[in-house]
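Data block below; observations after.
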């Protein structure tokens with residue numbers, strides 16, 4: 001099953017929603033504490049959205065294991081950034097209790113990327129250098 005299309009689509013939707021939330025938070029949220037909660041969510045969302053796209057590059061470089069990372073990043077965005085946005089917009093602070101679960105998903109995603117990156121490194125170490133053709137006598 002090829003998941004490049006859904007990954008690219010969901011990553012683009014995540015980037016779009018991050019820009020929209022950022023614009024809304026900057027102009028409509030006046031409480032500094034609420035604005036800080038929203039900004040934290042924005043920073044983590046855009047970072048892990050870009051990491052999802054980086055996983056596509058890792059796949060193109062010969063690391064098929066990277067295909068699993070965007071799932072963890074995108075779930076992490078929902079579980080970590082979502083509560084930041086909700087609390088910043090007035091939801092009960094207790095909702096923030098699920099953010100460590102989102103952080104765990106982020107860490108798993110980065111672990112998958114490290115594993116995939118190690119595979120790229122190992123492949124580069126075992127690939128023989130191309131030989132030059134003989135230049136003649």
Quiz item: Across the stretch 100-128, what is the total count of residues that are under 20 Å from residue 70 (Cβ atoms) and at pLDDT 90 or above?
Solution: 18
Quiz item: Taking the stretch 84-93, which residues are part of a helix (DSSP H, G or I) and more than 17 Å from the chain's Cα centre (by Cα)?
Solution: 85, 86, 87, 88, 93
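Residue by residue, here is whether (1) modelled with pLDDT of 95 or more; (2) under 12 Å from residue 116 (Cβ atoms); (3) assigned to a helix (DSSP H, G or I) holds:
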residue	(1), (2), (3)
23	no, no, yes
26	no, no, yes
41	yes, no, yes
44	yes, no, yes
49	yes, no, yes
68	no, yes, yes
73	yes, no, yes
77	yes, no, yes
80	yes, no, yes
Self-check item: Conditions (1) free of Cβ contacts under 8 Å to residues at least 40 places away in the same chain; (2) under 23 Å from residue 60 (Cβ atoms); (3) surrounded by fewer than 21 Cβ atoms within 10 Å (Cβ to Cβ): number failed by residue 94
Solution: (2)
Exercise. Would you mention how many residues in the stretch 52-80 are surrounded by fewer than 19 Cβ atoms within 10 Å (Cβ to Cβ) and under 13 Å from residue 102 (Cα atoms)?
Key: 3
Self-check item: Residue that is assigned to a helix (DSSP H, G or I), touching a residue at least 60 places away in the same chain (Cβ under 8 Å) and over 25 Å from residue 6 (Cβ atoms), where the choices are 123, 33
Solution: 123
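The values are calculated or read from the model by the stated rules, or taken from the named source; none is laboratory data. Here the structure is a predicted model, which means the values were calculated and not measured. Don't worry about glycine lacking a Cβ; one is built from the backbone with ideal geometry, like all the others, and counts go over all protein chains shown.
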